Amino acid sequence: MIKTRQLFDQDTWTYTYLIFEVESKEAVIVDPVLENFLRDTILLKKLGLNLVGILETHVHADHITAANKIRNFFGVKIYMGSKSGVKVADVLLDDGDQIKLGTEWITAIHTPGHTKGSTTYYIDNMLFTGDTLFIGGTGRTDFQGGSAADTFNSCKNKLFTYPDDTLVYPAHNYEGLTVSTIGEERKWNPNVGDGIKEEEFIEKEKRKDRPYPRLFDIAVPANMTCGPKD
């Protein structure tokens with residue numbers, strides 16, 4: 001049986017996830033935040049879990065990852081998309097590659113759009129979508145090689161092919177929402193849902209004028225090396 005714990009970073013509105021198999025106690029952590037290293041390691045110990053990997057959905061621009069620090073502390077591998085441009089990750093994943101978790105498998109899905117290397121992870125009817133697909137939205141596409149056309153394709157032709165009851169766990173939500181489903185997003189998402197044309201979405205993205213994330217100039221360079229080592 002696969003279970004997940006959703007953890008929240010108040011400062012950057014980031015969701016981190018612990019995914020674990022109950023029987024084997026093997027766990028992976030998705031998108032860890034540096035400032036929450038102690039919280040996450042304490043929780044792993046409290047739950048009696050054996051961390052076997054760190055999964056990054058993309059190179060984050062709004063927080064510094066704890067990936068390197070966790071790798072050094074636990075002696076586990078960092079997994080990232082092969083198009084991320086990060087050369088210090090231990091395993092670079094192509095579309096369809098799998099990661100073993102106990103007796104189950106996590107599948108990497110290349111979902112570019114927010115960044116070129118954005119990767120969604122699927123296991124046991126759950127999609128961990130990073131900044132590609134949000135609850136009632138999508139991640140911005142105006143930096144780090146982002147592409148509105150790619151986001152539209154990733155959602156329509158990859159994520160929306162999953163069954164309606166597939167759970168969607170994003171990397172952020174700014175309204176206190178925690179989970180959605182593919183059925184809900186396919187029908188109601190105002191950016192890429194039913195009835196929205198690609199050209200319409202692209203034009204909508206072009207018209208947006210937003211400041212870069214507060215930590216952009218610090219976070220992106222740090223995250224290209226998977227964050228500080230200690």
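The values are calculated or read from the model by the stated rules, or taken from the named source; none is laboratory data. These figures come from a predicted structure and were not determined experimentally. Because the Cβ atoms are built from the backbone with ideal geometry, glycine has one as well, and the counts that use them run over all protein chains shown.
Annotations for the structure displayed:
- Filtered residue count, segment 129-168, keeping only those that are part of a loop (DSSP other than H, G, I, E, B) and at positive phi: 3
- When A27, A61 are screened for being of a type outside the set (V, I, T) and either assigned to a strand (DSSP E or B) or at pLDDT below 95 (or both), only A27 passes.
- Test: residue in segment 69-78 that is touching a strand residue (DSSP E or B) at 6+ places or on another chain (Cβ under 7 Å), of a type outside the set (K, R) and buried (at least 21 other Cβ atoms within 10 Å of the Cβ): yes
- Of the numbered criteria (1) outside any loop (DSSP other than H, G, I, E, B); (2) among the β-branched types (V, I, T); (3) surrounded by fewer than 18 Cβ atoms within 10 Å (Cβ to Cβ), the one V88 fails is (1).
- Qualifying residue in segment 139-149 (condition: in contact with a strand residue (DSSP E or B) (Cβ under 9 Å, 6 or more places away or on another chain) and free of Cβ contacts under 8 Å to residues at least 40 places away in the same chain): yes
- Breaking point among (1) in a strand (DSSP E or B); (2) more than 17 Å from the chain's Cα centre (by Cα), for G183: (1)
- Matching residues, segment 108-150, being at pLDDT below 95 and either of a type in the set (F, W, Y) or buried (at least 21 other Cβ atoms within 10 Å of the Cβ) (or both): F143
- Every listed requirement among (1) within 21 Å of the chain's Cα centre (by Cα); (2) in a loop (DSSP other than H, G, I, E, B) is met by R210 save one, (1).
- Residues that are within 17 Å of Y17 (Cα to Cα), of a type outside the set (D, E, K, R) and more than 11 Å from the chain's Cα centre (by Cα), drawn from segment 110-149: I123, N125, M126, I135
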